[in-house]
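The values are calculated or read from the model by the stated rules, or taken from the named source; none is laboratory data. In this text, all values refer to a predicted model and were calculated from it rather than measured experimentally. Here Cβ is always computed from backbone atoms with ideal geometry, including for glycine, and neighbour counts include all displayed protein chains.
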Amino acid sequence: MTKTYYVTTPIYYISGNPHLGHLYTTVAADVITRYKKMQGFDTFFATGSDENSLKVLKAAEKASMDPKSFVDKEAEKWKEFFKKYAINFSRFIRTTDEDHIKTVQKVLRNLHDSGFIYKGKYEGWYCVDCETFYAESEAEDQICPTCGREVFWISEDNYFFKLSAFGDRLLEFYAQHPEAIQPESRYNEVLSSIKMGLRDISVSRSSQNWGVPFPFDEKHVTYVWFDALINYITVCGYGNEEKNFDHYWPADLHLMSKDIIRFHCIIWPSMLMALEVPLPKKVYVHGWWLTSGEKMSKSKGNVIDPDEVVQDLCSKTCIESSLAVDILRLFMFRESSFGDDAIFTEDRFYSRYNFDLANDLGNLINRVYAMTGKYFNYKVPQITQWDDVFHKETEKDIAKYHQLMEALRFKEALETIWALINRCNKLIETSKPWELKKTENTQRLEGLIYTLLDTIRSITFLIYPFMPHFAEILSKSLCEKISIDAKICFGQLSPGTTVNQIGVLFPRIKIYTKNQEAEENKKEKDHQISFEDFLKLDLRVGEVIEASKVEKADKLLLIKLKVGQAEKQVVAGIAQHYEPEQLIGKKLVIVNNLKPVKLRGIKSEGMILAASDDNALSIITLEKDMESGVKVK
Ligand code: MSP
C-alpha cells in the first residue's frame, strides 16, 4: 500500500495582502510535498484562509463591503497568488466553506455532549490583531503581550472549552513523542508552558455575529481560533468523507512560525484528545523573515512583497517570470536555516543570484552544453571511462541530500546540491576537456562529458522541489520527464540522446553602488552612437560559396562569399567553432564596407557577424531565406 504524507500550512488571515512570510511557509509545504511525491508518497497538501475573524470584519468595513463579498474577493486573490508561485496545494480551504461550517458545528455539539464545552462568564482582554484572549494579569497596561498593540476589555457570557483537563495527558503524550514538536527549543518552550498550568479557554463570542454559528445557542458564534484549527480535519474529510479522513489523518506535518505554537501544540491536541482523534505527528516551527530587525507585518509597513521582488528581477535580467518565481523560492531556503530567523535584503538576493545561479549553476550548464555541442554534435556521448572517486562523492552527496530533506533541513540539502555543482565545475577545470580534444584522448573526453551531463541530470531532480519550472526546462533539454519513476543515480542518461540547447538561463546582474551606477550611466552615454553613425555601416546578406582552413592558424577560416553580384573574401576567427564544410551555402551577415586588411598575408574584405562569449560562438544567420546582397538594417 502506498504511504501517505499530509502536510498543512496555517490558514491565513486574508485581511491584508500576502507577503514573503506567508509565501515562505507555503513554499516550504510545497517543497516537502513535491519531494515526498517524488519518493512515491500519496501526498495531501492543505492551505487556505481564516475568514471568521474580527480582523476581516474590520477590513471589510474599511473597504465598505459586506464581509462575505470581501472574503470571496480576497480568498480568490490569495489563491491566485499561491498558484503563481508554483504552489501545488491539494485544497485551498476557506473557513466559510460549507463543509467546514458543518464540521465545526459537529465538533461543538460533540464536545458539548461530552461535557468538554460548558457555559460560563468571560472577563478579560482581547487583542484583535492576534485574535487572542488574555487574562486580566497578562495585559495590565492594556498592551498585548504578543504584538504590543492595544487590547480591549471583554465581559460576556461565553462557552468554554475544558483545556485544564488536558495538561497531564499532553505532558504524557509529549514525553512519549519528543519528535512531535521541532526544533527542540520549541518543544521545551511548550512543555514549560503546559507545566505552568492550563486554564479553560473561551470558545464563543456573543458580541459579534460574523463567524460559525453555535449549533445549540444562536446568540453565539465560534471563537475564530477554535474554528480555524478544525480546518485541518475538515479539509481531509472528518465527519464528511470518513474514508478520505482515515486515509490521510493524522497529519504528518503542521508547518508554522513561532507566534502560533500555543494554539497548535496545546489547544489543538487537547481538542483532538477530547474528540478521541489521533494527534498530528509533527509540528515544525520555522523562524521569521525580518526586515529592519523586526518581524515583517502589514501593520508595521515593513513587508516584502514577493511580486515586487520577482518583477524587479525580471526587469534586471529579462528572464521569464516563472523562472524568477523559482529563483525567489530557491533564495528563501538557500538563505535561511529553516527554524531560525532570516533577514531579507535586496543585496543578499542579488548576490546569491549572481553567485549561485549566474556563476555556479548557470556556468556549469552553459559550459557542458556548449562542449557537448562542439565535441559531440549535441548527442550524449558513450561512456567507457569514468572517474570512480567522483561518482562515489556524488553518491554520498545524493544520500546526504535525502537525509536532510527528510529532516526538513532545506538549507543544508541545498548545500549538498551546490557541493555537487561545484565539484562538476572543478572537474572541468582539472580535466581540461579542450586539451583532451586536442590530444585526441577520445575515451576520456567522452567519459568526462557523459559524467557532467549525467550529474546535471541528477541535479535536475534534486533541485526540482525548490525550482519546479527550472527543473522542467532542464529535464526537457535532456529529453527526460520529472516523474516519480526517475532514478537519481549515476548512469541514467542514454548515450546518443539529443541534448537540446537552452541558452543562458541566468544572465549575470551588475550590482552597483550609487556612485558606480552614475559612472556606468555616463559610460553608456559615451558609447552611444547617432543614427547617422549607424547608417554608415553597410551590412549585407552574404552567401558562403567556399571555406577553408588558414594554414598554421588554428583559429582562422578563409571564407568566400557572394554578396549580390560581387564576390568577397573574409578571414574570420571562427575555426574552433565551425568546420569549413559546415558553412557552405549558409547565408550570413557581413559588414560590407569595412576597410580591407591583410591577416596572415591574406586579404580580408569585411567581417562576419557572430555572437560569442568565453565558451561558445554562433554566426548570425537569417530567420527566412533572402537573396544575397540584400541590405541588413
Ligand atoms: N489565521 C492564523 C492561523 C490559523 S491556523 C489554524 C494566523 N494567520 S496569519 O495570517 O497571521 O499567518 C501566520 C503564519 O504566516 C505564520 O505562522 C507563518 O507561517 C506565516 N508568517 C507570517 N509572517 C511571517 C514572517 N515574517 N516570517 C515567516 N513566516 C511568517 O496566524
Residue list for segment 423-440, filter: out of contact with any Asp or Glu (no Cβ under 8 Å at 6 or more places or on another chain) and more than 18 Å from LYS374 (Cα to Cα)
CYS424, LYS426, THR430
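Yes or no, residue by residue, for (1) free of Cβ contacts under 8 Å to residues at least 24 places away in the same chain; (2) within 30 Å of ILE365 (Cα to Cα); (3) out of contact with any helix residue (DSSP H, G or I) (no Cβ under 9 Å at 6 or more places or on another chain):
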| position | (1), (2), (3) |
| --- | --- |
| GLN501 | no, yes, no |
| LEU505 | no, yes, no |
| GLU520 | yes, yes, yes |
| GLN528 | yes, no, yes |
| LEU558 | no, no, no |
Counting only residues that are over 23 Å from SER612 (Cα atoms) and not in a loop (DSSP other than H, G, I, E, B), how many does segment 565-579 have?
3
Which one of GLY447, GLY496 is in contact with a strand residue (DSSP E or B) (Cβ under 6 Å, 6 or more places away or on another chain) and either surrounded by fewer than 22 Cβ atoms within 10 Å (Cβ to Cβ) or touching a residue at least 60 places away in the same chain (Cβ under 8 Å) (or both)?
GLY496
Of residues in segment 263-307 being assigned to a loop (DSSP other than H, G, I, E, B) and polar (S, T, N, Q), the one nearest to the ligand (Cβ to nearest atom)
SER297
So in segment 248-262, with the set limited to residues that are touching a His at 6+ places or on another chain (Cβ under 9 Å) and among the hydrophobic types (A, V, I, L, M, F, W, C), which one is nearest to the ligand (Cβ to nearest atom)?
MET256
Farther than 30 Å from ASP97 by Cβ and outside any helix (DSSP H, G or I): is that true of SER164 in this structure?
no
Residues (polar (S, T, N, Q) and at positive phi) located in segment 345-382
ASN377
Of all residues being surrounded by fewer than 21 Cβ atoms within 10 Å (Cβ to Cβ) and either of a type in the set (Gly, Ala, Ser) or in contact (Cβ under 8 Å) with a residue 24 or more places away in the chain (or both) in segment 222-247, which is farthest from the ligand (Cβ to nearest atom)? Just the residue, please.
HIS247
Restricting to segment 527-563, and then to whatever is small (Gly, Ala, Ser) and closer than 17 Å to GLY585 by Cβ, can you tell me which residue is surrounded by the fewest Cβ atoms within 10 Å (Cβ to Cβ)?
SER548
Those residues that are away from the ligand (no atom under 16 Å from the Cβ) and not aromatic (Phe, Trp, Tyr), I need them from segment 206-220; list them, please.
SER206, SER207, GLN208, ASN209, PRO213, PRO215, ASP217, GLU218, LYS219, HIS220
Restrict the check to segment 465-480 and report whether at least one residue is among the basic types (Lys, Arg) and part of a loop (DSSP other than H, G, I, E, B).
no
Those residues of segment 511-564 which are in a strand (DSSP E or B) and acidic (Asp, Glu), in sequence order:
GLU543, GLU546
Just one of (1) assigned to a loop (DSSP other than H, G, I, E, B); (2) modelled with pLDDT of 95 or more; (3) of a type outside the set (Val, Ile, Thr); (4) more than 9 Å from the ligand (Cβ to nearest atom) trips up PRO18, so point out which.
(4)
Test for THR26: is it in contact (Cβ under 8 Å) with a residue 24 or more places away in the chain, outside any helix (DSSP H, G or I) and either within 11 Å of the ligand (Cβ to nearest atom) or over 26 Å from the mean Cα position of the chain (by Cα) (or both)
no
Taking LYS55 as the residue in question, decide whether it is more than 16 Å from the ligand (Cβ to nearest atom), assigned to a helix (DSSP H, G or I) and either at pLDDT below 95 or surrounded by 23 or more Cβ atoms within 10 Å (Cβ to Cβ) (or both).
no
Within segment 256-300, work out how many residues are within 17 Å of CYS130 (Cα to Cα) and either of a type in the set (Gly, Ala, Ser) or out of contact with any helix residue (DSSP H, G or I) (no Cβ under 8 Å at 6 or more places or on another chain) (or both).
7
Listed residues TYR13, TYR35; which is surrounded by 19 or more Cβ atoms within 10 Å (Cβ to Cβ) and over 13 Å from the mean Cα position of the chain (by Cα)?
TYR13
